[in-house]
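One structure is given below, encoded as structure tokens.
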Amino acid sequence: MKSSVINLLGPTLSLGLVVLCLAIALQESADGLLQRPGPTGPDNGGKVGIENFSDAGNATNSVKCMLRGTPRPPVFTLEGDYLIGGAFSIHYSMNTVKHNYISLPEPLECTGSINTRELQFSRAMVFAIEEINNSSDLLPGITLGYQIHDSCASVPIAVQVAFQLANGLQQLYDSNKRCSPSGRVTAVVGESGSTPSMSMSRIFGPFDIPQVSYFATCACLSDKTQYPTFFRTIPSDHFQALALAKLVKHFGWTWIGAVRSDSDYGNNGMASFLRAAQNEGICVEYSESFNRDDPQSKIQQVAEVIRRSTATVVVAFTAPGDLWLLLEELTAHPSPPRQWIGSEAWVTHLEVQRFHLCAGAIGFAIPQSNIPGFREYLLDLSPAKVAASTVLSEFWEAAFNCLLEKRADSADRVCDGTEDIQKLQNPYTDTSQLRVTNMVYKAVYAIAHALHNIVCKKINSKIQCDQFTKIEPVQVLDQLKRVNFSRNGYHVSFDANGDPVAVYELINWRRNENGGLEFVTVGNYDESLSPGQKFTIKREISWADGGKQVPVSVCSDSCPPGTRKVLQNGKPVCCYDCVPCAEGEISNTTDSSDCSPCPNDYWPNAEKTFCRPKLVEFLSFHEVLGIILAAFSIAGACLTIVTAIVLFKHRFTPVVRANNSELSFLLLFSLTLCFLCSLTFIGRPSDWSCMLRHTAFGITFVLCISCVLGKTIVVLMAFKATIPGSNVAKWFGSTQQRMTVVSFTFVQVLICTIWLVLKPPFSIRNLTTYKEKIILECALGSAIGFWAVLGYIGLLAVFCFVLAVLARKLPDNFNEAKLITFSMLIFCAVWITFIPAYISSPGKFTVAVEVFAILASSFGLIFCIFVPKCFIILFRPEKNTKKHLMGKK
């Protein structure tokens, strides 16, 4: 219970203390409103306060506008008819203010060393304004003034500078009507960073004050709904991201690392690049962010990720100051060579150039330019000019390591006037590659042209300008959208988003003869050109290892044609295995994600890289098997013809006459047809040949079996006729024998006719038996018709075989029934084994089996029935006598 009370009282007391503090603060604020602060009043943070004061002798109330807080003095200033503001990160950082909530905090101040590059940018603005003031073509008779502030790359100071540029520098203004916009700028040049530019633009937006940045590249600033008054002379990171993605893709790098500044510039720029890289099929092994304000352990962690990575290409979307810290860490503990790809923020930065581990780096940069007279202006620093400016004094003392006399103690080295700025080597004096500096120069001229279009008119071919014209910032904003001019050969205009045309140079960090690094332009990127012409490489590139060979950075080696990519589980799409294409599929490109099936009439080659027409296969006269079968077919026909000739010459001999010579010659004729019909099975099938081969085979074989059956019946009838009282012979004479053969054959002819009429055989392209080749064969049309033909032949053969078996033991010295029995035994054995062989044989071998069955059965008939007769006729003529046939010695 006690602990519960304490737990309840704790928050209650805290809330009570907060309420008490707020009450005291409100009371003090109320008391303060009754006091009149003077010009030396307390610092209130640079805000504007409006107070009413009643005069006892005057009933009229006057409005007093007071700038709250101590104004920040500009680093460079000049009075003029119209003021242009400027914001540059001349110092690297600001001091850290600690709030004790007892006394007012000290004003924000810039600390650290001078950023000599930004100092050059600010001097370029002064140079451009002075050049315009001396021009007779642009704003003649008009003097432009400027207020250039140091924002020290800090958002709080950039916001304070924005408020001050919007309000003016007047400490107190008294009016009976309203607060005065006296001293307010018409437009602002700056800032260099994207994050400070975003903060400033949000302040300028409601007041319609145009802001023209020379180095803020975040694509988010193109959003006119959030930043309606923002313009820039440097391209958006959206275009740079696209260009970098195309660059990486061009060299075949699909496995990269990415580091970025943890800022609006780095985060938005890298996000745009990663989207573009994904569209190009590029994978990112790691994406690390860091900031110069991070602890050293964070920088070491990022460096360790780079060292351990397998990606040899690193894309860095960083600010120079951030990258500096990372490169120092990598230099202390070197990693394997890495190919650095740079954004425009650092790829031409002279202070980053000293890190030799970035040798071979490539990246897109703003095109280099030339500003006539600018170098002379930069180097024209007299002691009086230096002493008159706090920033120039600080720069001078840091550059020459001495102190000016007014700031030196007795122990310090005093600048004695012998310092020669002509010999100074730093980014301030380097005008060999004016890139971003030209963006400042163009920004000032863009504002000047907008002002010119407002206050100047061409009268009688002479330009006249009214310096007393009151200009509102919204007018300048409207004219900036329409500027379109060229200066020193460089075009200036803005699109609907306030962006210029994206043009880049491809820069390569190349070692020179002295061992140092130099920037060499090796290519270009122009967004205004057609897609195929935007990106060009004009010179050979020196890579990270100093060689000319493009480094390789892939998670997996390319899959050759004939294979496809299979993603590895849990890894990005760039990590894959190469798997051969499946049967019947090909891939003819490298790194194919899928294989394509070949058309039905095509089949892959052995490497599976292209489809070639399938081999067309059929039992041809040109192949060995076809030649052998054709040879046996012709030989069988010739043998049959020779046999017929022999029998015909000896037709009057007892051997020929005793065995029904008429049926014998008809059988020989049918056997000849059987041998010859096998030739119809060889050769390319057609619809006609398919119909011919099956019907010819069926009819000729039935004719052949009918003759054999007739001969068998004749033998039986002959022996039956010797029985006393038998008159069988008159029932099976020559006429009956002919009618038997014709009748049996007619039935087969009828079966074949019905088959051909209803569903005849036809030629087909068999694509299923063999996937890699096409079998040209004959389809049966009607399987019933085919098996009916075979079945009828088999029925006759079995019937003939049974009769022959019954007649085989009849008493005769030369009993033909025995020969018929053997021939029918062979015939039936051949065709019984034919059925399973025919069904199981693939392709052209099906036809070969059928031809073999025809030839084997035909040869069986001729060898079993006629060869013994011819042997007796030719080689045993002594047995060719009637006595021998009758069994008489």
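Residue pairs whose Cβ atoms lie under 6 Å apart, sitting 6 or more positions apart in sequence or on different chains, and linking a residue in segment 575-594 that is more than 13 Å from SER556 (Cβ to Cβ) to a partner that is surrounded by 15 or more Cβ atoms within 10 Å (Cβ to Cβ) and among the aromatic types (Phe, Trp, Tyr), do not occur here. Criterion first (loosely packed, with under 14 Cβ neighbours inside 10 Å, outside the structural domain of LEU776 (by TED's automatic domain parsing) and within 25 Å of GLY360 (Cα to Cα)) does GLY570 satisfy it? When the stated conditions are applied, GLY570 does not pass them. Helices (runs of 4 or more DSSP H) fully within segment 616-695 that include at least 1 residues being in the same structural domain as ALA856 (by TED's automatic domain parsing) and within 25 Å of LYS759 (Cβ to Cβ): 661-677. Can you work out which of the residues in segment 367-389 that are of a type in the set (A, V, I, L, M, F, W, C) and part of a loop (DSSP other than H, G, I, E, B) is modelled with the highest pLDDT? This residue is ILE371.
If we keep just the residues of segment 870-889 that are surrounded by 14 or more Cβ atoms within 10 Å (Cβ to Cβ) and modelled with pLDDT under 80, which is farthest from SER670 (Cα to Cα)?
HIS884
One residue is enough: does segment 746-755 have a residue meeting the conditions more than 59 Å from the chain's Cα centre (by Cα), in a helix (DSSP H, G or I) and modelled with pLDDT under 85? No, because not a single residue in segment 746-755 is more than 59 Å from the chain's Cα centre (by Cα), in a helix (DSSP H, G or I) and modelled with pLDDT under 85. The set of residues from segment 747-763 being in contact (Cβ under 8 Å) with a residue 24 or more places away in the chain and of a type in the set (S, T, N, Q) comprises GLN748, SER763.
Of all residues in segment 98-143, those being part of a helix (DSSP H, G or I) and of a type in the set (A, V, I, L, M, F, W, C) number 9.
Taking into account only those residues within segment 310-355 that are more than 21 Å from ARG511 (Cα to Cα), without any contact (Cβ under 8 Å) to a residue 40 or more places away in the chain and not aliphatic (A, V, I, L, M), which is surrounded by the fewest Cβ atoms within 10 Å (Cβ to Cβ)? Result: HIS333.
Cβ-Cβ distances below 7 Å connect the following pairs, each with a first residue in segment 600-617 that is under 16 Å from ARG684 (Cβ atoms), a second residue that is of a type in the set (Asp, Glu), and a separation of six or more residues or different chains: PRO613/ASP601; LYS614/ASP601; LYS614/GLU772. The set of residues from segment 538-567 being small (Gly, Ala, Ser), surrounded by fewer than 19 Cβ atoms within 10 Å (Cβ to Cβ) and more than 20 Å from GLN278 (Cα to Cα) comprises GLY546, GLY547.
Yes or no: segment 239-252 includes at least one residue that is surrounded by 20 or more Cβ atoms within 10 Å (Cβ to Cβ), at negative phi and not in a helix (DSSP H, G or I). Within segment 239-252, none of the residues are surrounded by 20 or more Cβ atoms within 10 Å (Cβ to Cβ), at negative phi and not in a helix (DSSP H, G or I).
Among GLU285, GLU304, which is part of a helix (DSSP H, G or I) and of a type in the set (Asp, Glu)?
Only one candidate passes the filter, namely GLU304.
When ASN508 is tested against (1) polar (S, T, N, Q); (2) assigned to a loop (DSSP other than H, G, I, E, B); (3) under 37 Å from the mean Cα position of the chain (by Cα), only condition (2) is not met.
Can you spot a residue in segment 810-818 that is at pLDDT 80 or above and acidic (Asp, Glu)? Steps first, please.
So the first thing to find is which residues in segment 810-818 are at pLDDT 80 or above, and the list is none.
The answer is no; no qualifying residue exists.
Here segment 79-97 is the region considered, the condition is being within 22 Å of TYR146 (Cβ to Cβ), small (Gly, Ala, Ser) and not in a loop (DSSP other than H, G, I, E, B), and the residue that is farthest from the chain's Cα centre (by Cα) is GLY85.
Scanning segment 125-151 for residues that are touching a helix residue (DSSP H, G or I) at 6+ places or on another chain (Cβ under 7 Å) and within 18 Å of SER486 (Cβ to Cβ) yields ALA128, ILE132, LEU138, LEU139.
Criterion first (in contact with a helix residue (DSSP H, G or I) (Cβ under 7 Å, 6 or more places away or on another chain) and over 21 Å from ILE764 (Cα atoms)) does LEU639 satisfy it? Yes; evaluated as a whole, the condition is true for this residue.
All conditions in (1) in a helix (DSSP H, G or I); (2) at pLDDT below 90 hold for LEU392, with the sole exception of (2). I'd like to know if segment 485-504 contains one or more residues that are of a type in the set (Lys, Arg) and outside the structural domain of GLY257 (by TED's automatic domain parsing). Checking segment 485-504: at least one residue is of a type in the set (Lys, Arg) and outside the structural domain of GLY257 (by TED's automatic domain parsing).
For segment 654-699, the set of residues classified as surrounded by fewer than 20 Cβ atoms within 10 Å (Cβ to Cβ) and in contact (Cβ under 8 Å) with a residue 40 or more places away in the chain consists of PRO654, ALA658, GLU662, LEU676, LEU679, GLY683, ARG684, SER686, ASP687, SER689, listed by residue number. Within segment 263-309, the set of residues being in contact (Cβ under 8 Å) with a residue 40 or more places away in the chain, surrounded by fewer than 18 Cβ atoms within 10 Å (Cβ to Cβ) and either under 24 Å from CYS220 (Cα atoms) or among the β-branched types (Val, Ile, Thr) (or both) comprises VAL305 only.
The values are calculated or read from the model by the stated rules, or taken from the named source; none is laboratory data. Here the structure is a predicted model, which is why all the values come from computation and not from measurement. Cβ coordinates were reconstructed from backbone atoms using ideal geometry, including for glycine residues, and neighbour counts include every protein chain displayed.
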